[in-house]
């Protein structure tokens, strides 16, 4: 079972330490950092308070895509109550999905920077968005606190004795494979001269959301790529006939 | 409903601030401090990060008994897996008990000092002991984190009604529209001569599962139908050119 925590652009090294401690308490050990402002750092070590092993093993990336490339299920976190057409889930439901997905592939839980959260380009890689419910208007969980709540729910969902979800039969498509699908899709849309009528060029963003939400497995990925290729080759054949 | 958080002998003012923030996020406002080492304190205010009102209203006591005197239900927190003959409950069950008790009287959730936890004399006042489950041997939740997890469970247990998720902004596609989509999809697959390689003619069943899972909204439905039509019309145009 591989469930990683990915922090994108974390600004305060103390928070990285607090996250490591929260993770270790709940049995998570894989920490990925994308462009941390300061790491390693004495404050991170101080706040980790015994979870130094998690910090020591942390992997640092320059690109977000590298941190999730081999993951079949990517969950983004958001403090917003609404987020476009995303299916927002709460931590408890999210933990069930994570427990299920972790049986067949790598899972990433992604947290944005303290100030801005996740950006659209990062959200476009996520299969689900999780939001921690809060009371009233004050919704300002510290980064470490947010990791703590989500890791706590994941621990409850995955510990021995927790109701076991049946594992999916076929592995999920990886984040890298999803990117290749979208590139292919975009090429085909150009080739068939499909006009973006969404206003503002949101077509690919919407297509991404639609398929991300669906969490494609490997078979479905093969079917979709096959259909795209069929559309292309028929058009090429037709084109050839036309010009011959 | 009155649910208070009582910190006994808190040693680090930063933790008091983190506790205030965690409380406010989860709708708790009554903070009681028994012999805080340093309070008020700039570090508490800094870590409270907008929950200053909780800090300002905090009540300071010299005696633990004064902090809980008017409470009908007192829950102690413990990191130990077993504690004497106490009924240990986990946060989820604890939150149910708290929600129930809060309807008829004041409730106190009591946290001991960062170093020693609650002492026997304090434990002797508690009706229940709650312990936050952890994974493996590392059980060292920061004080603020522990309050966050328990306050989170209390919020879930006491909020109005079922988990209220915001309604989607765009209506979902109807079952009828989904059927029209699948018919259209199937026609296009025939026109592009896409061969079913799933064995046993399961192609359309798999496509259905994929899109059903995604729960399409009306906008997405329009995009997909548009793409299918574009594939067809380009093929027809190409075909016409070929045969003309």
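Cα gyration tensor of segment B:175-243, axes a ≥ b ≥ c as square roots of the eigenvalues: rounded (a/c below 1.5), prolate (a/b > b/c) or oblate? Oblate, because a/c is 1.5 or more while a/b does not exceed b/c. Shown for B:213, B:176, A:208: other C-beta atoms within 10 Å of each C-beta, ranked fewest to most, produce the order B:176, B:213, A:208. Using a 7 Å projection from Cα along Cα-to-Cβ, the label point at residue B:200 is separated from the same position in the remaining copies by 4.5 nm, smallest value first.
Using 1/(1 + (r/R0)^6) with R0 = 60 angstrom and r between the beta carbons of residue B:170 and residue A:160, what's the FRET efficiency to the nearest 0.05? The formula returns an efficiency of 0.90 here. Springs between Cα atoms under 10 Å define the GNM used for chain A, and in it the highest mean-square fluctuation of A:29, A:78, A:49 occurs at A:49.
Counted over the protein assembly as shown, the DSSP beta bridges are approximately 10% antiparallel. Extension gain, residue B:103 to residue B:35: 0.36 nm times the residue separation minus the Cα-Cα distance gives 21.6 nm. What the pair-distance distribution of the protein assembly as shown shows, using all Cα-Cα distances binned every 10 Å from zero, is 4, 18, 26, 21, 14, 9, 5, 2, 1, 0 percent.
Computed from the alpha carbon positions, the gyration tensor of segment A:1-59 leads to an equivalent ellipsoid with semi-axes of 16, 13, 8 Å, biggest first. One decimal place: the segment residue A:70-residue A:179 gains 38.1 nm when fully extended, by the rule 0.36 nm per residue minus the C-alpha distance. DSSP beta bridges confined to segment B:3-158 are antiparallel in about 5 percent of cases.
Fewest neighbouring Cβ atoms within 10 Å first, the residues B:73, A:73, A:39 line up as A:39, B:73, A:73. Of A:228, A:216, A:143, the residue with the greatest mean-square motion in the GNM of chain A, using alpha carbon springs below 10 Å, is A:228. Sorted shortest first, the distances from the residue B:213 label point to those of the same residue in the other copies are 1.4 nm; each point sits 7 Å from Cα along Cα-to-Cβ. Kirkwood radius, chain B, all distinct C-alpha pairs, inverse of mean reciprocal distance: 22.4 Å.
Taking square-rooted eigenvalues a ≥ b ≥ c of the alpha carbon gyration tensor, is segment A:46-171 rounded, prolate or oblate, where a/c under 1.5 means rounded and, failing that, a/b exceeding b/c means prolate? The shape class here is rounded.
Sorted shortest first, the distances from the residue A:46 label point to those of the same residue in the other copies are 0.9 nm; each point sits 7 Å from Cα along Cα-to-Cβ.
Here each label is just a point 7 Å from Cα along the line to Cβ, and for residue A:62 and residue A:119 those points are 1.5 nm apart. When chain B is treated as a GNM with alpha-carbon contacts under 10 Å, the residue of B:20, B:175, B:51 showing the greatest mean-square fluctuation is B:175.
Every number in this text was worked out from the coordinates using simple rules, so none of it is lab data. None of the values given here were measured: they were computed from a predicted structure. When we count neighbours, we look across all protein chains shown, and the Cβ atoms used for this are built from the backbone with ideal geometry, even at glycine.
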